[in-house]
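Enquirer: Can you keep this structure in mind? I'll have questions shortly.
The values are calculated or read from the model by the stated rules, or taken from the named source; none is laboratory data. Remember, it's a predicted structure, so these values are computed and weren't measured experimentally. Neighbour counts run over all protein chains shown; Cβ positions are idealised from the backbone, glycine included.
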């Protein structure tokens, strides 16, 4: 018999005896604040444990851990922080009061959070007769009939007389011993620990308490604090005062970490740095308690996820699958399948909840048919989700994003890919520049792009037999490639390596393509290009190039036009040409200038001139060119960067 734990959250209306019940089961009073004792109600989360030996021959104690949550509506934030971190609920209903508003709301929250296991306790039975007790039990059975607790057993108890307490405790012990460790969470996922308290202990330092949602952790492991990315070392692990060396998913424990108390608080995560990916947008599957609730686009709602609270806005992406995008004012940490609760703008009532589908949100076309198909694919278990994405995504599947979103370790990903291969789904893996991990592309799409690329290059060569080839950027625009510039670059490299294409300098052509350069074209390669390379950000005007090279103006202009058509030159103004690599350098400079200023302020021509040390007139020509190609946007005397430079200029 291995050590097992069952972490239970109480739920129910205020003054229905939740704290007294936990006290009867564990011998510990979870109300520790002076105000709690004075007012006779739970304000903050309380914690208590009951340890037991399952059999006489067992050396491994099992643990019942209780998170006692407030029932009063004023402290719903604390209640949600407690219930959001567990997977077993103890719904408490007082026999004298019966079903009350918070009883129903807490039951709805249990349903929305996907808590499948639970037990119901009818308390204060010493205050009522048998007829009243039967009526309350009937009412309970009625409200749970459509809930996740519809099959939960019901225990009638009294904390005053102890009636029913031993039976309830035995039942919870049985639930603990019959619970199975979720090996998927333990073995195949990275460490994620949800913090619900943080405090300092004299002589020890910073201590956090919470529950381990996935993975394992041991003393001396280094983890990241989600709110700031700071690294922290685990110095000690304790469960109810007992020092242990390792914890695993499903356990609740206190961790001593070598970090300042100011750097961590309730709502934070401790997690493996590999999955530290803060976001302020998530795509979700949303369920409303009342389907007629109107979601207002300009309203601010209250999001409760994990043990954190955020002010958010909502936007439906479609109505058929209830996909909704949630945007927060601040960043937070979450991953696929995490559950959340939404409350109305006044935070007076729970309106719904759901689960996270994706934390990697595209910048554009967030509600397009293609994006909705992606969300439908992601709204499945790991294997069918990845398989469907590979089979249906013409722009490839970013394996790193898939891995982080679902918090999967590398050996789990390898296992999924082996399964997909075994299902006769042929795909290629591409390592993209500047990106971690691989992009997976179905063989069907690779072959389709290969045909398009070859056809386009053949057509270009027929029209321009005297040119060496076509640049990658121009080729990408010509075939209207739907994926990222990074994927296109990888496809080109793959085709060059396979001998399908040939790269001469920066120009692509078929291996069979032969040209004989004219004297003027040879002069361009030997005379003009070196001048442009040397001049950098301030290239000579066309007439100056003619004077410097000795090439007559008209032949030079013809060469410049032809070279521009192939992509080896970029025409910025009527008399000014740039090398593609110089334009890329200027675009990178523009991004850096934009990053120096607040996003809403942009930058001016004067700032561009002063920072670049390029003359004002040429600066205007460069920025107007950037406007034309869609890299920047002008608003009065201010400009803003519209997209990443690679999306416009390729590599």
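Enquirer: Given the options 492, 457, name the one that is part of a helix (DSSP H, G or I) and either touching a residue at least 40 places away in the same chain (Cβ under 8 Å) or under 27 Å from residue 356 (Cβ atoms) (or both).
Expert: Sole residue among the options that is part of a helix (DSSP H, G or I) and either touching a residue at least 40 places away in the same chain (Cβ under 8 Å) or under 27 Å from residue 356 (Cβ atoms) (or both): 457.
Enquirer: Same structure, new question: Output the residue which, of all residues in the range 228-240 that are within 30 Å of residue 26 (Cα to Cα) and in a strand (DSSP E or B), is modelled with the lowest pLDDT.
Expert: Filtering the range 228-240 for residues that are within 30 Å of residue 26 (Cα to Cα) and in a strand (DSSP E or B), the one modelled with the lowest pLDDT comes out as 239.
Enquirer: Which of (1) assigned to a helix (DSSP H, G or I); (2) in contact with a helix residue (DSSP H, G or I) (Cβ under 8 Å, 6 or more places away or on another chain) does residue 639 not meet, given it meets every other one?
Expert: All conditions are met except number (1).
Enquirer: Give me the strands (runs of 3 or more DSSP E) completely within the range 115-227, filtered to those with at least 1 residues that are surrounded by 20 or more Cβ atoms within 10 Å (Cβ to Cβ), assigned by TED's automatic domain parsing to the domain that holds residue 258 and touching a residue at least 12 places away in the same chain (Cβ under 8 Å), ordered by residue number.
Expert: 192-201, 205-214, 216-218, 222-225
Enquirer: Consider the range 604-618. How many of its residues are under 30 Å from residue 556 (Cβ atoms) and in contact with a strand residue (DSSP E or B) (Cβ under 7 Å, 6 or more places away or on another chain)?
Expert: Qualifying residue count, the range 604-618: 0.
Enquirer: Going residue by residue through the range 235-252, is there one that turns out to be farther than 24 Å from residue 53 by Cα, touching a residue at least 60 places away in the same chain (Cβ under 8 Å) and surrounded by 17 or more Cβ atoms within 10 Å (Cβ to Cβ)?
Expert: no
Enquirer: Please tell me if residue 93 is closer than 17 Å to residue 29 by Cβ, touching a strand residue (DSSP E or B) at 6+ places or on another chain (Cβ under 9 Å), at pLDDT 75 or above and not in a loop (DSSP other than H, G, I, E, B).
Expert: no
Enquirer: Which condition number does residue 57 fail, the rest of (1) out of contact with any helix residue (DSSP H, G or I) (no Cβ under 7 Å at 6 or more places or on another chain); (2) at pLDDT below 85; (3) not in a loop (DSSP other than H, G, I, E, B) being met?
Expert: Going through the list (1) out of contact with any helix residue (DSSP H, G or I) (no Cβ under 7 Å at 6 or more places or on another chain); (2) at pLDDT below 85; (3) not in a loop (DSSP other than H, G, I, E, B), residue 57 breaks only (3).
Enquirer: Give the residues of the range 353-406 that are closer than 19 Å to residue 320 by Cβ, out of contact with any strand residue (DSSP E or B) (no Cβ under 7 Å at 6 or more places or on another chain), at pLDDT below 95 and outside any helix (DSSP H, G or I), sorted by residue number.
Expert: 365, 367, 368
Enquirer: On to the next question. Checking the conditions here, which among 444, 434 is in a loop (DSSP other than H, G, I, E, B), touching a helix residue (DSSP H, G or I) at 6+ places or on another chain (Cβ under 9 Å) and surrounded by fewer than 17 Cβ atoms within 10 Å (Cβ to Cβ)?
Expert: Among 444, 434, only 434 is in a loop (DSSP other than H, G, I, E, B), touching a helix residue (DSSP H, G or I) at 6+ places or on another chain (Cβ under 9 Å) and surrounded by fewer than 17 Cβ atoms within 10 Å (Cβ to Cβ).
Enquirer: Right, residue 32: at pLDDT below 80, under 19 Å from residue 103 (Cα atoms), in contact with a strand residue (DSSP E or B) (Cβ under 8 Å, 6 or more places away or on another chain) and part of a loop (DSSP other than H, G, I, E, B) or not?
Expert: No, not satisfied.
Enquirer: Return the residue satisfying two criteria in turn: it lies in the range 3-22 and is modelled with pLDDT under 85 and assigned to a loop (DSSP other than H, G, I, E, B), and of such residues it is nearest to residue 126 (Cα to Cα).
Expert: Only one residue fits best here, namely 15.
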